[in-house]
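The values are calculated or read from the model by the stated rules, or taken from the named source; none is laboratory data. What you see is a predicted model, and the numbers here were worked out from it, not measured in a lab. Here the Cβ is made from the backbone with ideal geometry for all residues, glycine too, and neighbour counts use every protein chain on show.
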Amino acid sequence: MKIAIDGPAAAGKSTVAKQIAKSLKYVYIDTGAMYRALTLAALENGIDLEDENLLGELSKEIDISFENSESGQQVFIDHRNVTEEIRDHQVTNNVSIVAKHKFVRNELVNMQRQLAEKGNVVMDGRDIGTNVLPDAEKKFFLIASVDERAERRHKENLEKGFSSDIESLKDEIRRRDQLDSERETDPLVMASDAIEIDTTSLTIEEVVQTILDAINTKTQ
Ligand code: CDP
Ligand code: CDP
């Protein structure tokens, strides 16, 4: 079975997707991490982020892989562990520019479909239900208010030991949502057969339970 979880930044997709995968013993695939890894490589190589051809070449050459460890899923570029670096501010602020290019998306979407062929998967991203796995048996679209999403990121930052300005976080989230929703290729949009869940006032456990209930109800 394939489960697609889409939605805007900080709606809770990866946290919830990981728990669903664990509970069902499925493989979790974080497609955002792939766009982030490519963005990190492009920044390190000094590639102009508007240069679709060069970025398309880079996405053909790059070897992105995942490994599961006790401290969570690890992401590698050519066997170098980049799990922490791909969450850097500079990557976060540039990833939607890289992800808008058709040549880039063609390559990464192919990789994602290959990963999904291996068996039961929970995949999260922006275009999983609409484009990567349109035949996914279960599709969910998580949303939450911008205020709540900025608050979540703020809390995460505090836990990592640094403070952040809520208004800047809101601006960054709005800007990324806008770029992701308005791009021409595979924009962020809810699939017509997805279940929308507003997580604004729900706990992680409540969202996970809502999804597990929906999966069980439909399969009975
Ligand atoms: O976790 P967060 O919401 O910060 O983002 P992410 O899932 O790591 O994705 C980072 C960025 O990659 C998104 O803002 C999109 O620009 C892009 N992305 C995409 O275009 N398509 C996907 N399937 C997944 C991510
Ligand atoms: O993957 P995405 O960007 O959609 O979001 P995430 O990184 O999974 O979640 C962002 C933050 O919100 C995490 O720190 C979660 O613990 C938190 N969260 C929450 O507080 N309540 C929820 N219902 C879901 C997530």
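Details
- The listed residue being at pLDDT 95 or above, of a type in the set (A, V, I, L, M, F, W, C) and within 9 Å of ligand 2 (Cβ to nearest atom), out of 11, 33: 11
- Out of 88, 186, 127, 177, sole residue that is among the acidic types (Asp, Glu), surrounded by 22 or more Cβ atoms within 10 Å (Cβ to Cβ) and within 16 Å of the chain's Cα centre (by Cα): 127
- Those helices (runs of 4 or more DSSP H) of the stretch 91-206 in which at least 3 residues are away from ligand 1 (no atom under 14 Å from the Cβ), considering only elements entirely within it, cover 146-160, 166-182.
- Scanning the stretch 38-48 for residues that are buried (at least 16 other Cβ atoms within 10 Å of the Cβ) and more than 10 Å from ligand 1 (Cβ to nearest atom) returns 40, 41, 42, 43, 47.
- If the condition is being under 13 Å from residue 131 (Cβ atoms) and of a type in the set (Gly, Ala, Ser), then the stretch 178-191 contributes only 191.
- Selection within the stretch 91-100 - at pLDDT 95 or above, within 17 Å of residue 46 (Cα to Cα), over 13 Å from the mean Cα position of the chain (by Cα) and not β-branched (Val, Ile, Thr): 94
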